[in-house]
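Worksheet: the structure to be examined is printed underneath.
The values are calculated or read from the model by the stated rules, or taken from the named source; none is laboratory data. This one's a predicted model, so the numbers in the text were calculated from it and none came from an experiment. All Cβ positions, even for glycine, are placed from backbone atoms using ideal geometry, and neighbour counts span all protein chains on display. The accessibility values were calculated without ligands, DNA or RNA, using every heavy atom of the protein model including side chains. Shrake-Rupley method; radii C 1.70, N 1.55, O 1.52, S 1.80 Å.
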Amino acid sequence: MKRIDIHAHAVAFPELTPRHRYTGERFLSAEELTSMYDRFGIERGVLLPIVSPEAQCFLMTPEGACTLSRQNPDRFSWFCNVDPRAVDHRPSSDLGYLLEHYKNLGAKGVGEVTANLYADDPKMENLFEACTALGLPVLIHIAPHEGGLYGIIDELNLPRIEKILKKYPDLTLIGHSQPFWSEISADNTDEIRNGYPKGKVTEGRIAALMREYPGLCCDLSAGSGCNALTRDPDYAAGFLTEFADRIYYGCDICASFNDHPARLNAFLDSLVQSCGISRETYEKICFRNAEQLLGLN
Ligand SMILES: [Zn+2]
(Lines give C-alpha, C1' and ligand atoms only; values in the text may rest on other atoms or scores of the structure.)
Protein backbone atom coordinates (compact mmCIF):
# COMPACT_ATOMS: atom_id res chain seq x y z
CA MET A 1 0.00 0.00 0.00
CA LYS A 2 1.49 3.34 -0.89
CA ARG A 3 1.16 6.07 1.69
CA ILE A 4 2.24 9.72 1.55
CA ASP A 5 3.26 11.38 4.82
CA ILE A 6 2.06 15.00 4.81
CA HIS A 7 4.13 15.81 7.92
CA ALA A 8 7.82 14.87 7.80
CA HIS A 9 10.94 16.34 9.36
CA ALA A 10 14.53 15.50 8.46
CA VAL A 11 17.80 17.32 9.05
CA ALA A 12 20.24 18.06 6.25
CA PHE A 13 23.30 17.95 8.55
CA PRO A 14 22.66 15.15 11.08
CA GLU A 15 26.27 15.06 12.25
CA LEU A 16 26.05 18.76 13.20
CA THR A 17 22.54 18.69 14.69
CA PRO A 18 22.25 19.08 18.47
CA ARG A 19 20.43 16.35 20.36
CA HIS A 20 17.29 17.03 22.34
CA ARG A 21 18.35 18.26 25.75
CA TYR A 22 16.03 15.90 27.64
CA THR A 23 15.58 12.81 25.45
CA GLY A 24 19.07 12.76 23.93
CA GLU A 25 17.45 12.02 20.56
CA ARG A 26 17.92 14.09 17.46
CA PHE A 27 15.80 14.56 14.37
CA LEU A 28 16.41 11.95 11.70
CA SER A 29 18.52 12.20 8.59
CA ALA A 30 16.89 11.54 5.23
CA GLU A 31 18.39 8.03 5.21
CA GLU A 32 17.09 7.25 8.70
CA LEU A 33 13.64 8.57 7.84
CA THR A 34 13.34 6.62 4.58
CA SER A 35 14.35 3.42 6.33
CA MET A 36 11.49 4.01 8.79
CA TYR A 37 9.24 4.73 5.79
CA ASP A 38 10.18 1.33 4.36
CA ARG A 39 9.17 -0.26 7.65
CA PHE A 40 5.82 1.58 7.78
CA GLY A 41 4.94 1.19 4.09
CA ILE A 42 5.30 4.88 3.24
CA GLU A 43 6.31 5.85 -0.26
CA ARG A 44 6.90 9.58 0.10
CA GLY A 45 7.01 12.35 2.69
CA VAL A 46 6.58 16.12 2.69
CA LEU A 47 9.57 17.68 4.44
CA LEU A 48 8.48 20.53 6.69
CA PRO A 49 11.12 23.05 7.81
CA ILE A 50 10.86 24.54 11.29
CA VAL A 51 11.98 28.16 11.39
CA SER A 52 10.55 29.64 14.60
CA PRO A 53 12.80 29.62 17.66
CA GLU A 54 9.96 28.51 19.97
CA ALA A 55 9.74 25.13 18.31
CA GLN A 56 12.94 23.29 19.10
CA CYS A 57 16.53 23.88 20.14
CA PHE A 58 17.52 24.45 16.55
CA LEU A 59 16.06 25.32 13.17
CA MET A 60 15.39 23.33 10.00
CA THR A 61 15.69 25.50 6.93
CA PRO A 62 13.72 25.51 3.68
CA GLU A 63 17.09 25.25 1.90
CA GLY A 64 17.75 21.98 3.76
CA ALA A 65 14.33 20.57 2.89
CA CYS A 66 14.78 21.57 -0.76
CA THR A 67 18.23 19.95 -0.87
CA LEU A 68 17.05 16.67 0.70
CA SER A 69 14.11 16.58 -1.69
CA ARG A 70 16.38 17.11 -4.69
CA GLN A 71 18.70 14.35 -3.46
CA ASN A 72 15.76 11.96 -2.95
CA PRO A 73 13.19 12.99 -5.56
CA ASP A 74 11.34 9.65 -5.34
CA ARG A 75 10.88 9.91 -1.56
CA PHE A 76 10.41 13.60 -0.67
CA SER A 77 8.47 16.68 -1.62
CA TRP A 78 8.88 19.78 0.53
CA PHE A 79 7.19 22.81 1.99
CA CYS A 80 9.03 26.03 2.72
CA ASN A 81 8.62 28.06 5.86
CA VAL A 82 8.91 31.74 6.73
CA ASP A 83 8.53 33.02 10.29
CA PRO A 84 5.75 35.64 10.48
CA ARG A 85 8.24 37.97 12.19
CA ALA A 86 10.75 37.63 9.35
CA VAL A 87 12.08 40.41 7.14
CA ASP A 88 11.51 43.33 9.53
CA HIS A 89 9.09 42.24 12.25
CA ARG A 90 6.11 44.22 11.02
CA PRO A 91 2.59 43.26 9.96
CA SER A 92 3.44 44.83 6.60
CA SER A 93 6.69 42.91 5.99
CA ASP A 94 6.98 41.60 2.44
CA LEU A 95 6.87 37.87 3.24
CA GLY A 96 5.61 37.15 -0.27
CA TYR A 97 9.03 37.98 -1.63
CA LEU A 98 10.55 35.06 0.32
CA LEU A 99 7.63 32.69 -0.24
CA GLU A 100 7.68 33.26 -3.97
CA HIS A 101 11.42 32.53 -4.03
CA TYR A 102 10.83 29.13 -2.40
CA LYS A 103 7.76 28.41 -4.51
CA ASN A 104 9.90 28.94 -7.60
CA LEU A 105 12.38 26.39 -6.18
CA GLY A 106 9.59 23.81 -5.87
CA ALA A 107 8.01 24.32 -2.44
CA LYS A 108 4.42 23.02 -2.46
CA GLY A 109 3.25 24.75 0.69
CA VAL A 110 4.25 26.43 3.95
CA GLY A 111 4.79 24.81 7.32
CA GLU A 112 5.00 23.57 9.91
CA VAL A 113 4.04 26.99 11.27
CA THR A 114 5.03 26.94 14.94
CA ALA A 115 5.42 30.61 15.92
CA ASN A 116 3.87 31.17 19.33
CA LEU A 117 1.73 34.11 18.21
CA TYR A 118 -2.05 34.43 18.34
CA ALA A 119 -3.64 32.99 15.20
CA ASP A 120 -5.07 36.41 14.33
CA ASP A 121 -1.99 38.43 15.28
CA PRO A 122 -1.45 40.99 12.48
CA LYS A 123 1.89 39.34 11.64
CA MET A 124 0.16 35.95 11.34
CA GLU A 125 -2.52 37.48 9.14
CA ASN A 126 0.23 38.95 7.00
CA LEU A 127 1.65 35.43 6.50
CA PHE A 128 -1.78 33.94 5.74
CA GLU A 129 -2.49 36.71 3.26
CA ALA A 130 0.81 36.17 1.42
CA CYS A 131 0.22 32.39 1.30
CA THR A 132 -3.30 32.93 -0.03
CA ALA A 133 -2.01 35.23 -2.77
CA LEU A 134 0.56 32.63 -3.86
CA GLY A 135 -1.83 29.66 -3.58
CA LEU A 136 0.39 27.95 -0.99
CA PRO A 137 -1.35 25.67 1.54
CA VAL A 138 -0.29 26.23 5.17
CA LEU A 139 0.21 23.50 7.77
CA ILE A 140 -0.18 24.81 11.32
CA HIS A 141 0.60 23.57 14.82
CA ILE A 142 -1.97 25.03 17.20
CA ALA A 143 -0.99 25.85 20.79
CA PRO A 144 -3.29 26.43 23.79
CA HIS A 145 -1.47 29.46 25.26
CA GLU A 146 1.58 31.69 25.11
CA GLY A 147 4.89 30.53 26.51
CA GLY A 148 6.39 27.19 27.44
CA LEU A 149 5.51 25.60 24.12
CA TYR A 150 5.27 26.25 20.42
CA GLY A 151 2.46 26.77 17.93
CA ILE A 152 0.01 29.47 16.94
CA ILE A 153 -2.31 30.31 19.80
CA ASP A 154 -6.04 29.87 19.96
CA GLU A 155 -8.58 29.35 22.70
CA LEU A 156 -11.00 26.50 23.29
CA ASN A 157 -13.35 26.07 20.29
CA LEU A 158 -10.78 27.76 17.98
CA PRO A 159 -12.48 31.16 17.55
CA ARG A 160 -9.37 32.79 16.08
CA ILE A 161 -8.85 29.98 13.56
CA GLU A 162 -12.46 30.50 12.49
CA LYS A 163 -11.76 34.22 12.07
CA ILE A 164 -8.83 33.35 9.75
CA LEU A 165 -10.90 30.85 7.75
CA LYS A 166 -13.63 33.48 7.33
CA LYS A 167 -11.19 36.23 6.36
CA TYR A 168 -9.20 34.07 3.88
CA PRO A 169 -11.73 31.78 2.18
CA ASP A 170 -9.23 30.81 -0.52
CA LEU A 171 -6.57 29.73 1.99
CA THR A 172 -5.92 26.00 2.44
CA LEU A 173 -5.24 25.59 6.16
CA ILE A 174 -4.11 22.17 7.37
CA GLY A 175 -4.74 21.68 11.10
CA HIS A 176 -2.51 19.67 13.42
CA SER A 177 -1.60 19.20 17.12
CA GLN A 178 -3.41 18.30 20.33
CA PRO A 179 -5.45 21.55 20.65
CA PHE A 180 -6.62 21.03 17.07
CA TRP A 181 -7.57 17.36 17.34
CA SER A 182 -9.13 17.57 20.81
CA GLU A 183 -11.78 19.75 19.12
CA ILE A 184 -13.08 16.65 17.35
CA SER A 185 -15.33 16.22 20.39
CA ALA A 186 -17.69 18.72 22.01
CA ASP A 187 -16.61 17.66 25.50
CA ASN A 188 -13.24 19.38 25.09
CA THR A 189 -12.05 21.55 28.01
CA ASP A 190 -9.11 23.80 28.84
CA GLU A 191 -7.79 21.06 31.11
CA ILE A 192 -7.62 18.33 28.47
CA ARG A 193 -7.21 20.19 25.17
CA ASN A 194 -3.42 19.98 25.03
CA GLY A 195 -3.44 16.23 25.69
CA TYR A 196 -4.91 13.05 24.28
CA PRO A 197 -8.52 12.91 25.51
CA LYS A 198 -10.18 9.51 25.37
CA GLY A 199 -13.72 8.23 25.09
CA LYS A 200 -16.66 8.43 22.74
CA VAL A 201 -16.80 11.51 20.54
CA THR A 202 -19.73 13.89 20.64
CA GLU A 203 -19.42 15.79 17.39
CA GLY A 204 -17.30 18.88 18.05
CA ARG A 205 -15.87 21.97 16.42
CA ILE A 206 -13.76 20.30 13.73
CA ALA A 207 -16.74 18.87 11.84
CA ALA A 208 -18.63 22.18 12.16
CA LEU A 209 -15.66 24.20 10.87
CA MET A 210 -14.99 21.70 8.05
CA ARG A 211 -18.59 21.98 6.87
CA GLU A 212 -18.59 25.77 6.92
CA TYR A 213 -15.08 26.45 5.61
CA PRO A 214 -13.93 24.40 2.58
CA GLY A 215 -10.33 25.61 3.07
CA LEU A 216 -9.89 23.72 6.33
CA CYS A 217 -8.06 20.38 6.07
CA CYS A 218 -6.76 17.87 8.63
CA ASP A 219 -3.33 16.33 9.18
CA LEU A 220 -3.56 12.90 10.84
CA SER A 221 0.04 12.95 12.06
CA ALA A 222 1.44 12.42 15.54
CA GLY A 223 -0.22 11.00 18.61
CA SER A 224 -2.90 13.68 18.41
CA GLY A 225 -4.26 12.67 14.99
CA CYS A 226 -4.07 8.97 15.77
CA ASN A 227 -5.76 9.44 19.17
CA ALA A 228 -8.60 11.53 17.72
CA LEU A 229 -9.52 8.67 15.38
CA THR A 230 -8.86 5.65 17.58
CA ARG A 231 -10.77 7.01 20.61
CA ASP A 232 -14.05 6.34 18.79
CA PRO A 233 -13.80 4.13 15.67
CA ASP A 234 -17.48 4.55 14.78
CA TYR A 235 -17.26 8.34 14.78
CA ALA A 236 -13.92 8.16 12.95
CA ALA A 237 -15.46 6.13 10.11
CA GLY A 238 -18.17 8.73 9.53
CA PHE A 239 -15.75 11.65 9.90
CA LEU A 240 -13.22 10.18 7.44
CA THR A 241 -16.01 9.41 4.97
CA GLU A 242 -17.64 12.85 5.11
CA PHE A 243 -14.37 14.77 4.80
CA ALA A 244 -12.45 12.24 2.67
CA ASP A 245 -11.20 14.92 0.26
CA ARG A 246 -9.59 17.07 2.96
CA ILE A 247 -7.82 14.65 5.31
CA TYR A 248 -4.15 13.76 4.89
CA TYR A 249 -2.27 10.77 6.23
CA GLY A 250 0.72 11.95 8.28
CA CYS A 251 3.37 10.80 10.72
CA ASP A 252 5.43 13.64 12.30
CA ILE A 253 8.30 11.26 13.05
CA CYS A 254 10.73 13.20 15.25
CA ALA A 255 12.88 10.39 16.67
CA SER A 256 13.93 6.82 15.89
CA PHE A 257 11.70 5.37 18.64
CA ASN A 258 8.45 6.86 17.23
CA ASP A 259 6.05 4.00 16.51
CA HIS A 260 2.70 5.80 16.26
CA PRO A 261 2.59 5.40 12.45
CA ALA A 262 2.20 1.65 13.01
CA ARG A 263 -0.90 2.33 15.15
CA LEU A 264 -2.40 4.72 12.59
CA ASN A 265 -1.71 2.26 9.76
CA ALA A 266 -3.32 -0.60 11.67
CA PHE A 267 -6.36 1.53 12.50
CA LEU A 268 -6.95 2.75 8.93
CA ASP A 269 -6.35 -0.76 7.57
CA SER A 270 -8.87 -2.23 10.02
CA LEU A 271 -11.46 0.40 9.07
CA VAL A 272 -11.27 -0.41 5.37
CA GLN A 273 -11.16 -4.17 5.98
CA SER A 274 -14.29 -3.99 8.14
CA CYS A 275 -15.99 -1.74 5.53
CA GLY A 276 -16.15 1.14 8.05
CA ILE A 277 -14.70 3.27 5.24
CA SER A 278 -14.65 2.60 1.51
CA ARG A 279 -11.52 1.72 -0.44
CA GLU A 280 -11.93 5.08 -2.24
CA THR A 281 -11.94 7.02 1.04
CA TYR A 282 -8.97 5.02 2.31
CA GLU A 283 -6.91 5.76 -0.81
CA LYS A 284 -7.82 9.47 -0.79
CA ILE A 285 -6.62 9.81 2.79
CA CYS A 286 -3.52 7.62 2.45
CA PHE A 287 -2.17 9.15 -0.75
CA ARG A 288 -4.56 10.51 -3.39
CA ASN A 289 -5.27 13.85 -1.63
CA ALA A 290 -1.55 14.37 -1.11
CA GLU A 291 -0.80 13.52 -4.74
CA GLN A 292 -3.23 16.24 -5.75
CA LEU A 293 -1.87 18.80 -3.28
CA LEU A 294 1.71 18.10 -4.38
CA GLY A 295 0.90 18.01 -8.09
CA LEU A 296 2.20 14.46 -8.46
CA ASN A 297 -0.43 13.16 -10.87
ZN1 LIG B 1 5.95 18.38 13.20
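Per residue, the convex hull around the alpha carbon atoms of segment 1-119 comes to 120 Å³.
Considering every Cα-Cα pair within segment 68-156, what fraction, in whole percent, is farther apart than 22 Å? The answer is 28 percent, as a whole percent. In this structure, the amide hydrogen of GLU203, modeled 1.01 Å from its nitrogen in the peptide plane, lies closer than 5 angstrom to those of ALA186, counting only residues at least 5 positions away or on a different chain.
When only the Cβ of Lys, Arg, Asp and Glu is charged (+1, +1, -1, -1), the dipole of segment 76-224 relative to its Cα centre reaches about 280 debye.
Let me know the longest stretch in the chain that avoids all trypsin sites (Lys or Arg not before Pro) found in a DSSP loop with at most 13 other C-beta atoms within 10 Å.
On the way: sites that count: LYS2, ARG19, ARG21, LYS198, LYS200.
Result, exposed sites excluded: 22-197.
Using a Debye calculation, one point per C-alpha and no hydration shell, please list log10 I(q)/I(0) for segment 144-297 at q = 0.11, 0.15, 0.17, 0.20 Å⁻¹ in order. Rounded to two decimals, the profile gives -0.41, -0.79, -1.03, -1.42. Rounded to the nearest 20, the size of the Cβ-charge dipole of the chain about its Cα centre is 340 debye, with Lys and Arg at +1 and Asp and Glu at -1.
If you average the sequence gap of Cα pairs under 8 Å that are 6 or more apart and divide by the length of segment 4-294, what percent do you get for the contact order?
On the way: 596 pairs, mean separation 46.4, N = 291.
It comes to 16 percent, rounded to a whole number.
Segment 17-37 and segment 176-200 have Cα centres spaced 28 Å apart. Each Lys and Arg adds +1 at its Cβ and each Asp and Glu adds -1 at its Cβ; summed about the Cα centre, segment 1-105 shows a dipole of about 180 debye.
Of the whole protein surface, GLU146 contributes about 130 Å² of accessible area at a 1.4 Å probe radius. For CYS217, the amide hydrogen comes within under 5 Å of the amide hydrogens of LEU173, ILE174, GLY175, counting only partners 5 or more places away or on other chains and with H modelled in the peptide plane.
Counted as membrane-span-like here are DSSP H helices of the chain whose alpha-carbon atoms extend 24 Å or more along the helix's own axis and whose Kyte-Doolittle mean is -0.5 or above; there are none. Put simply, segment 4-294 fits an ellipsoid with semi-axes of 26, 23, 18 Å; these come from the alpha carbon gyration tensor as the roots of five times its eigenvalues, largest first. Averaging 1/r over each pair of different alpha-carbon atoms in segment 36-85 and inverting the result gives 11.8 Å, the Kirkwood hydrodynamic radius.
Accessible area per residue, 1.4 Å probe, Å², for segment 69-109: what's the number? If you can, show how the numbers build up before the last one.
Working: 2180 Å² over 41 residues.
The answer is 53 Å² per residue.
Residues whose amide H comes within less than 5 Å of that of GLY195, counting only those at least five positions distant or on another chain, are absent (H built at 1.01 Å from N in the peptide plane).
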